[in-house]
Amino acid sequence: PRWLAAISDHFEEHPESVAAQGTIAWPEEFETDDGLRQSIEGRGTIVRHVLPPGSKRSELIGFNMALKRHTMGAIGGFDERLGPGAAGLNDERKLADRIRHLGGEIDYIADARVVHRVEDAHLTEDFFREHYRAQGRSRFAYKPNGLFSSILPNLLKAVTLYSLWTATGNIRNRYRALGRLYHYREMLAIHWRRR
């Protein structure tokens, strides 16, 4: 309930601030339901950002971010090749890159807290796979990705780590490696389609 006031207070107290990331909290049931927590953590479908006051961030996460209007104008707004309706993800990551490129910093506002509810559909294997495929499409759209300098080495690393974490039974790391495997496989498919 204090989100808007916290954002407003921050920018009023720090006129030099151009962008900020607020706290993203887990739902209450996440804290008490071990199965839900393992499912969410394992698949990497939610992040939690709770940092010390005054911290600086290097990224923005769309669940809870704020930018001054002149900042959006200076950086040219969202990259329309990314985000929903396009490649699927990373539009806010690209915003953060452009803010830093222009010398801006991203502040952290602890009191600007939101709880990110996780829909049941976001805990499925299909959602997980499509999330990381979208991440691969987005990365391909905004970063140079050579076949031999980036895509194949990272795909090989993901396969190796997936095998290792599967063999050792580390579910969280296995899912992280599987996500990267989907990510780089999608980039490889795009690379081959463009040839």
- Note on the structure: Cα-based Debye curve of region 96-142 sampled at q = 0.17, 0.24, 0.30, 0.31 Å⁻¹ gives log₁₀ I(q)/I(0) of -0.86, -0.89, -0.96, -0.99
- Once the Cα atoms of helix 91-101 and of the chain are each reduced to a long axis, what angle between those two axes, in degrees from 0 to 90 to the nearest 10, is obtained? 60 degrees
- Query: How far, in degrees from 0 to 90, does helix 3-13 lean away from the longest principal axis of the Cα atoms of the chain, to the nearest 10?
  - Reply: 60 degrees
- Please find, in a Gaussian network model of the chain (springs between Cα atoms separated by less than 10 Å), the residue of F78, F128, F148 whose mean-square fluctuation is greatest. F148
- Query: Using all Cα-Cα distances in the chain, what percent lands in each 5 angstrom bin from 0 up to the longest?
  - Reply: 1, 7, 13, 15, 17, 17, 14, 9, 4, 2, 0
- Query: Probe 1.4 Å, all protein chains in place: accessible area of W3 in Å², nearest 10?
  - Reply: 90 Å²
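With an 8 Å Cα cut-off and a minimum separation of 6 or more residues, compute the relative contact order for the chain in percent.
Working: 280 pairs, mean separation 53.4, N = 195.
Worked out over the chain, it gives 27 percent.
Could you work out Rg/(2.2 N^0.38 Å) for region 68-151, with Rg from alpha carbons only? Provide the component values of the computation, followed by the final result.
Values: Rg = 15.6 Å, N = 84, 2.2 N^0.38 = 11.8 Å.
Cα-based Rg divided by the globular estimate yields 1.31.
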- Message: Given a 1.4 angstrom probe, I'd like the percentage of the accessible area of region 73-195 that is carbon and sulfur, rounded to a whole number.
- Response: 53 percent
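In deg cm²/dmol and to the nearest 500, what is the mean residue ellipticity at 222 nm of the chain if only DSSP H runs of at least 4 residues count, each as -39500 (n - 2.57), divided by the residue total? Before the final figure, lay out the partial values.
Numbers: 8 runs with 102 residues, N = 195.
Roughly -16500 deg cm²/dmol at 222 nm, from the helical runs in the chain.
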- Item | C-alpha long axis of helix 125-142 to longest principal axis of the chain, angle in ° | 70 degrees
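Under 10 Å from the Cβ of L161, count the other residues' Cβ atoms, weight Lys and Arg +1, Asp and Glu -1, and hand me the total.
On the way: positive: K157, R174, R176, R180; negative: none.
After counting each charged neighbour, the total is +4.
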- Determine which lysines satisfy two conditions relative to K143: a Cα distance under 21 Å, and not lying fewer than 8 residues away in the same chain. K94, K157
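What FRET efficiency would be calculated for the residue pair R194, L152, taking the C-beta separation as r and a Förster radius of 22 Å, to the nearest 0.05? Let's see the in-between values first.
Values: r = 15 Å, r/R0 = 0.70.
After rounding to 0.05, the efficiency reads 0.90.
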- What is the packing order of peptides 67-75, 179-187, taking the mean over residues of other C-beta atoms within 10 Å and listing the highest first? 179-187, 67-75
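The values are calculated or read from the model by the stated rules, or taken from the named source; none is laboratory data. Every value quoted in this text rests on a predicted model; they were computed, and no experiment measured them. Cβ coordinates were reconstructed from backbone atoms using ideal geometry, including for glycine residues, and neighbour counts include every protein chain displayed. Heads up: the accessible areas ignore ligands, DNA and RNA and are worked out on the full protein's heavy atoms, side chains in. Shrake-Rupley method; radii C 1.70, N 1.55, O 1.52, S 1.80 Å.
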